[in-house]
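The values are calculated or read from the model by the stated rules, or taken from the named source; none is laboratory data. Just so it is clear, the structure is predicted and the values come from calculations on it, not from any experiment. All Cβ positions, glycine included, derive from the backbone under ideal geometry; neighbour counts span all protein chains shown. For accessibility, only protein heavy atoms count, side chains too; no ligands or nucleic acids. Shrake-Rupley method; radii C 1.70, N 1.55, O 1.52, S 1.80 Å.
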Amino acid sequence: MNGYNVAAYITAFQDYEALNKCILCLKNQTHPIEKILIVDNSPKQLNSSALDDEGIVYQYYPNNIGISGGLEIAIKWSIKNNYDFLWTFDQDSEPSCDNLEKLLLYYDNLNSDDNSIGIIAPLSIDIQSQQELEGAFWGKYQFVRASIYKNRDLRGFYQKDFYDCDIVITSGSLVNLKVAEKVKLPNRDLFIDSVDWDYCMNFREKGFRVVVVTQAVMYHNFGNYLKDHQAGNSQIPIYNYSALRYFYTCRNHTFIESRLAYQDKHLWLSIAFRFKALLKKIIKIILYEDDNKIIKLWACLTGTFDGFIGKLGKTW
């Protein structure tokens, strides 16, 4: 395997313990990481001894530039400093110690000049529910889980050691910086949530691959896990989110999917799907959540509306 120069990036927000765990996981990788850039969006600056390490570059933004702003800074910084890859993380992720080594090994085996990989990512598993968060494909008017979209033989799908898809989550994504120079930067106006959807689609629109390596495992905290809901033969995890998170989720999902559907001439199907998704969120909040129900319902409604009209930015 080539001696790639890899930098890592972590978005930090208030949680000392999660940040320290993530830093430790990155330092313990079997393939060395040259530098770790940390963008701290906390209202009060984090004070951790781990940040004093000479291998860490720390930047503080008390005005909170969001996931999108931090990711844009990290990509520009890593390209300027001539790294080969940028490994991007939320603070609440814990990659296995051989994760980076496996991602680079698969990159070497799968990448070619005429079939370039833009992003290669690990298998993400929720720390709390143990549910896997798959990559997804764009399916005319919505994103569809990779196993459902590509394979009716789910048993065969889960025996694969890697698969191509259209989108993966930001955390754990290894970005090929030579390719990243050729695609649009993350959209700052998305602020948080679905920044990864938009950025991955920038790579796909240029014909670059997005790959998930199922042999590289990363544990990630997807939210405040409540319970599993039985839907047919599937167990669907139920999470409790803040009103702020509901607003940006509804807004950005609606904005991205409706615009992609418009390009594919399936806008009306997208509108119907987004209203169905809104109704499901409303029912979930009413049935399962105990706090701030009214403000959460309002966040979902206004977020969906703003997504349709394209009102972006840090607006909640």
ask   = Taking only C-alpha pairs under 8 Å that are 6+ residues apart, what is the relative contact order of the chain in percent?
value = 18 percent
inquiry  = As an exercise, find the ratio Rg/Rh for the chain from alpha-carbon atoms, using the Kirkwood inverse-distance average for Rh.
reply    = 0.94
message = So if a site counts as exposed when it's one of the GluC sites (Glu not before Pro), its DSSP state isn't H, G, I, E or B, and it has at most 15 other Cβ atoms within 10 Å, what's the longest stretch of the chain without one?
response = 182-316
query = Pick from GLY118, GLY69, GLY207: which is most flexible by mean-square fluctuation in a GNM of the chain where alpha carbon atoms under 10 Å apart are linked?
reply = GLY207
message = Can you pull out the trypsin sites (Lys or Arg not before Pro) in the range 1-65 whose DSSP state is coil and whose Cβ has at most 12 other Cβ atoms within 10 Å?
response = LYS44
request  = Using the structure shown, select from LYS140/LYS182; LYS80/LYS206; LYS27/LYS178; LYS281/LYS314; LYS184/LYS281; LYS44/LYS182 the pairs with a Cα to Cα distance greater than 28 angstrom.
outcome  = LYS184/LYS281; LYS44/LYS182
inquiry  = Please state the shape class of the range 101-217: rounded when a/c is under 1.5, otherwise prolate if a/b exceeds b/c and oblate if not, all from the C-alpha gyration tensor.
reply    = rounded
remark   = Among HIS266, HIS253, HIS31, the residue with the largest mean-square fluctuation in a Gaussian network model of the chain built from Cα contacts under 10 Å is HIS266
message = I want the antiparallel fraction of DSSP beta bridges within the chain, as a percent rounded to 5.
response = 50 percent
ask   = Which percent of the accessible area of the chain is formed by carbon and sulfur heavy atoms (probe 1.4 angstrom)?
value = 51 percent
query = Tell me, in nm to one decimal, what length is gained between ASN109 and LEU301 on full extension, where the rule is 0.36 nm per residue of separation less the Cα-Cα distance?
reply = 64.5 nm
Probe 1.4 Å, accessible area per residue of the chain, Å² = 48 Å²
request  = Please give, to one decimal in nm, the separation of the simple spin-label points placed at ASN82 and GLU181, each 7 Å out from Cα toward the Cβ.
outcome  = 1.2 nm
request  = Would you mind getting me the FRET efficiency between TYR288 and GLU132? Use the beta-carbon distance for r and R0 = 25 Å, nearest 0.05.
outcome  = 0.70
task = Select from ASN82, ASN41, ASN109 the residue whose mean-square fluctuation is largest in a Gaussian network model of the chain (Cα-Cα springs shorter than 10 Å).
result = ASN109
inquiry  = Please identify the DSSP H helices in the chain that span no less than 20 Å along the helix axis (Cα) and have a mean Kyte-Doolittle hydropathy of 0.5 or more.
reply    = 66-80, 267-288, 293-309
query = Separation of the range 290-316 and the range 37-97 by C-alpha centroid, Å?
reply = 28 Å
